[in-house]
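This report concerns only the one structure given below.
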Amino acid sequence: MSLDPFFWRPLMAALLLAGTAAPLGAFVVWRRMAYFGEALAHAVLPGVALAVALGLAPTLTLPPFVLLLAGLLLLLEHHSRLPADTLLAILAHGALAGGLLALSLAGGYRTDLLGYLFGDVLAVDSTDLALLAAAAAVVAVLLARHWRGLVSATVSEELAAVEGVPVVRLRLLLVLLMALVVALGLRVVGILLVMALLIVPPAAVRPWVREPEQMALGALAFGVAAAWLGLELAFRLDLPAGPAIAVVAVVGFFTSIGLARMARPAAGPAP
């Protein structure tokens, strides 16, 4: 791939998103929060409709909207009498349908819907790239600072609380970081595919690692490789970039699982 500006900016955006999402996704996989993330991703669309109606850039308005939404979802999950998966399913599909209607009324349905759902990495501009870089730095610093506490709370929240770990605060931090990645991933891979970069890389490397740190680093490497190869495939075959990245990641996942089954005697237990 020629690294002229046309290719360089999408490549950097995809690599930044993959490198940010994959280590965070390790906690999503460990804590079985995938459905929460899906609900959060679907619920982004009303925020997009609001931005279109106000004539603002979604990249600038979505992060605060999704952070607020994540906090509300967390509160509802803990204070509702309905099972968490039922509540999240209702909210996810309701928000997706309501967002589509709101986007249609706002005048952005026909022109921008595919971009919102599946991303448009080729349309990434300097502002998007700066926001992705800032988000990557924030996620890296916070994960490094709170790594031990997050791991302890993931293994056992009760034991972690006894040891003085701020379990509730760390869960909120994890949800807010996930919301930030979902909001910024909208531009690169879209609402329907952003969770692929959160979940697939850690799930793919899980059979090959023994320590949480190994899983996070392996997921980072896998996510970056999937983003690079997917973008190469998209440019060479004139395919949509977001789906191409997601498909490469999923193919890599099944390849990894297949190889792990064949090499199972030599592979250590997954964390």
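Only the coordinates and a few stated rules stand behind these numbers; no lab work does. Just so it is clear, the model here is predicted, and its values are computed rather than measured. In this analysis, Cβ positions are derived from the backbone assuming ideal geometry, glycine residues included, and neighbour counts consider all displayed protein chains.
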The chain: C-alpha gyration tensor shape, a/c 1.5 cut-off, then a/b vs b/c: oblate
Per-residue [θ]222 nm for the chain (sum of -39500 (n - 2.57) over DSSP H runs n ≥ 4, rounded to 500): -27000 deg cm²/dmol
HN-Hα J in Hz across the stretch 20-35 - Karplus 6.51, -1.76, 1.60, θ = phi - 60°, x for Gly and Pro: 7, 6, 4, x, 5, x, 4, 6, 4, 5, 4, 8, 6, 9, 4, 5
Least to most buried among D128, D120 (fewest other Cβ within 10 Å first): D120, D128
Relative packing of 92-101, 198-207, 23-32, which averages over residues the other C-beta atoms within 10 Å, highest first: 198-207, 23-32, 92-101
